[in-house]
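The values are calculated or read from the model by the stated rules, or taken from the named source; none is laboratory data. Keep in mind that this is a model prediction, so the values were computed, not measured. Backbone-built Cβ (ideal geometry, glycine too); neighbour counts: all protein chains shown. Accessible surface areas use protein heavy atoms only, side chains included; no ligands, DNA or RNA. Shrake-Rupley method; radii C 1.70, N 1.55, O 1.52, S 1.80 Å.
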Amino acid sequence: MDRMIDLLKEPVRWEFDGSEKEFENNVVMHIEEICQFLNLPKIESVHRQRQIKLDDFQVIFDIVVKHIDSTATIFEVKKANNKHPSTGTFNQMQGVGQLLLYQNVFELVTGGKPRLVLIDNKIYERTIWAFVNNKLPITLVDFQKDRIFIPYRAW
């Protein structure tokens, strides 16, 4: 745990300069490598901005990957605001809540429980502390150009 915290404290090696949407595009471009690094089954298809409507609300998944073994992985993409980088932890914790909701909605609609991944250009130390001793079903991925770091793995 101490080594992981030390790695999280390291400065960003490659700061993605674009918006969250542009960062999402970058993730999709590299989704095959990311899935391989996470030891996920081969990809059957990738869906973006998948929308599911229920009676009173709707959810929109950033990225849903269907695998050849009929399982799925939902990726929630976050990116700190360049003007207000202190919002990074807040955005990530919001993403945690979104993913927990998405898991339940996805399972209700499809009958299958998806894997959950929160991916950001930088995972913050304060975010990881929410996961310690809580066994959350979300894998955290710090994705910087040619570096994939997984400070918390749910499966």
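Only beta bridges with both residues in the chain are counted; by DSSP, about 60 percent of them are antiparallel.
When the chain is fully extended, how far beyond the present Cα-Cα distance does Leu100 get from Arg3, taking 0.36 nm per residue of separation? Spell out each step's value before the answer.
On the way: separation 97, 0.36 × 97 = 34.92 nm, distance 2.76 nm.
Roughly 32.2 nm would be gained on extension.
Taking the alpha carbon gyration tensor of the chain, multiplying each eigenvalue by 5 and rooting it gives semi-axes of 24, 17, 16 Å, largest first.
With protein chains left intact and a 1.4 Å probe, residues in the chain average 55 Å² of accessible area per residue. For the chain, carbon and sulfur atoms together expose 50% of the accessible surface, with a 1.4 angstrom probe and every protein chain in place.
Loop-only check: which trypsin sites (Lys or Arg not before Pro) in segment 15-53 are DSSP coil with at most 12 other Cβ within 10 angstrom?
Answer in residue order: Lys42.
Nearest 0.05, what FRET efficiency do Gln58 and Leu136 give at R0 = 25 Å with Cβ-Cβ as r? Please list the in-between numbers first.
On the way: r = 24 Å, r/R0 = 0.96.
With R0 = 25 Å, the Cβ-Cβ based efficiency is 0.55.
Cross-link reach is defined here as a Cα-Cα straight distance under 25 Å, omitting same-chain residues fewer than 8 places apart; for Lys66 the lysines meeting it are Lys21, Lys42, Lys53, Lys78, Lys79, Lys113, Lys135, Lys145. Centroid-to-centroid, using Cα positions, segment 114-155 and segment 16-81 are 14 Å apart.
Of the two radii for segment 78-155, the radius of gyration is 0.99 times the Kirkwood radius, both from the alpha carbons; that is the Rg over Rh value.
Normalised by 2.2 N^0.38 Å, where N is the number of residues, the alpha-carbon radius of gyration of segment 3-48 equals 1.45.
Relative contact order, whole percent, for the chain stands at 20, derived from Cα pairs under 8 Å and 6 or more residues apart.
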